[in-house]
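J.: The structure under discussion is supplied below as structure tokens; questions concerning it will follow.
The values are calculated or read from the model by the stated rules, or taken from the named source; none is laboratory data. The structure presented is a predicted model; accordingly, all values stated were derived computationally and were not measured. Here Cβ is always computed from backbone atoms with ideal geometry, including for glycine, and neighbour counts include all displayed protein chains.
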Amino acid sequence: MIDRRRFAAAMLATTLMARTARAGGDPFALDGHFEQGGIARGQLPAGASDLRFNDQPVPVAADRRFLIAFDRDAPAAAVLAATGSGGHALRADLAIAPRAWNISRLDQLPKYPVPSAEFEARRPAELARIAAARAKQTLAEGWRQRFAWPATGRISTLFGSQRIYAGEPGAYHSGIDIALPTGTPVRAPADGAVILAAEAPFTLEGNLLMLDHGMGLSSAFLHLSRIDVAEGVVVRQGQLLGAVGATGRATGPHLHWGMMWRGARIDPLLAAGAMPA
């Protein structure tokens, strides 16, 4: 049996080598994890404008700081570019390190169970609420902080894990699962604004809470037994959000913590570092 906490710590130590996996110069003072599921922060040079990541616009704070992130399936190369004060091009070519994901093969099981009529009726509205929450933009500044763990315990499922059903890949695990007793407090990993606090359990996520940390970075906390904050409330790092549960589609009490930046799935382990003992 895998000791997932030790395995996660080993993965994190290995990924530190990717912090400097850059090539072609760096006018943006970048620092972070340059690998699949990682986050990096930087600063736009004075007088520069029109910052773009893989040709998509990137928001920049008043102090010219910014954030970029790399999806679980990000390709090996990315480009960060801007227009300098004299109109010349600024560019950083980024090498994105691949990750070795935990893949399990279940050759005798079909990929999907037959969905119930209730699930098919409820799911579109739930997905619409999640999409609407992610589209909200707040002035939260948590994206600047070193993230803390919302709860600590045994890691039961790592980010990026995936099952192959009879040769057909299932969806990969989009967050990290921490096995804990029902009622264990869940706290804000960084400053943020509550953008969704489900008043009734969702079919899959159960009691779902989402925080916007600013600059397009958000956290989601699934399967909660209760939610202690309301939509629109601003929370600070370490503030109580709710409690661990097993609502929605869960085989036991645990906290699922997921992170996303502008559509890219992020590994919370890289954002928060190794879990305290």
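J.: From the list L209, L241, L222, L269, exactly one residue is in contact (Cβ under 8 Å) with a residue 60 or more places away in the chain, assigned to a strand (DSSP E or B) and surrounded by 16 or more Cβ atoms within 10 Å (Cβ to Cβ). Which is it? Reasoning before the result, please.
T.: Values: L209 fails: in contact (Cβ under 8 Å) with a residue 60 or more places away in the chain; L222 fails: in contact (Cβ under 8 Å) with a residue 60 or more places away in the chain; L269 fails: assigned to a strand (DSSP E or B).
Result: L241 is the single residue among L209, L241, L222, L269 that is in contact (Cβ under 8 Å) with a residue 60 or more places away in the chain, assigned to a strand (DSSP E or B) and surrounded by 16 or more Cβ atoms within 10 Å (Cβ to Cβ).
J.: Let me ask something additional. Can you tell me which residues in the stretch 208-255 are at pLDDT below 95 and polar (S, T, N, Q)?
T.: Once the filter is applied, which keeps residues that are at pLDDT below 95 and polar (S, T, N, Q), the stretch 208-255 yields only T251.
J.: In addition: Can you tell me which residues in the stretch 85-109 are among the small types (G, A, S), at pLDDT 90 or above and part of a loop (DSSP other than H, G, I, E, B)?
T.: S85, G87, A100
J.: Now, a different point. Name the residues in the stretch 63-93 that are surrounded by fewer than 16 Cβ atoms within 10 Å (Cβ to Cβ) and of a type in the set (D, E), would you?
T.: D63, D73, D93
J.: So, one more: Looking at A131, A140, which is the one that is under 17 Å from M260 (Cβ atoms), in the same structural domain as T203 (by TED's automatic domain parsing) and free of Cβ contacts under 8 Å to residues at least 60 places away in the same chain?
T.: Criteria check complete, one pass: A131.
J.: Restricting attention to the stretch 61-84, does a residue exist that is of a type in the set (S, T, N, Q) and modelled with pLDDT under 95?
T.: Checked against the condition, which is being of a type in the set (S, T, N, Q) and modelled with pLDDT under 95, the stretch 61-84 yields no hits at all.
J.: Could you tell me whether G47 is farther than 30 Å from T203 by Cβ, modelled with pLDDT of 95 or more and in a loop (DSSP other than H, G, I, E, B)?
T.: It is true that G47 is farther than 30 Å from T203 by Cβ, modelled with pLDDT of 95 or more and in a loop (DSSP other than H, G, I, E, B).
J.: Can you pull out the residues in the stretch 178-192 that are surrounded by fewer than 22 Cβ atoms within 10 Å (Cβ to Cβ) and either of a type in the set (D, E, K, R) or within 14 Å of E231 (Cβ to Cβ) (or both)?
T.: R187, D191 - these are the residues of the stretch 178-192 that are surrounded by fewer than 22 Cβ atoms within 10 Å (Cβ to Cβ) and either of a type in the set (D, E, K, R) or within 14 Å of E231 (Cβ to Cβ) (or both).
J.: Cβ-Cβ distance below 6 Å, separation of 6 or more or different chains: which pairs start in the stretch 160-174 with a residue that is within 19 Å of M260 (Cβ to Cβ) and end on one that is aliphatic (A, V, I, L, M) and surrounded by fewer than 15 Cβ atoms within 10 Å (Cβ to Cβ)?
T.: Filtered contacts from the stretch 160-174: Q162/I103.
J.: Look at the stretch 139-191 and say how many of its residues are small (G, A, S), farther than 21 Å from G214 by Cβ and outside any strand (DSSP E or B).
T.: 9
J.: Does at least one position in the stretch 20-36 carry a residue that is in contact with a helix residue (DSSP H, G or I) (Cβ under 9 Å, 6 or more places away or on another chain), within 30 Å of I178 (Cα to Cα) and at pLDDT below 95?
T.: Looking for residues that are in contact with a helix residue (DSSP H, G or I) (Cβ under 9 Å, 6 or more places away or on another chain), within 30 Å of I178 (Cα to Cα) and at pLDDT below 95, one finds none in the stretch 20-36, hence no.
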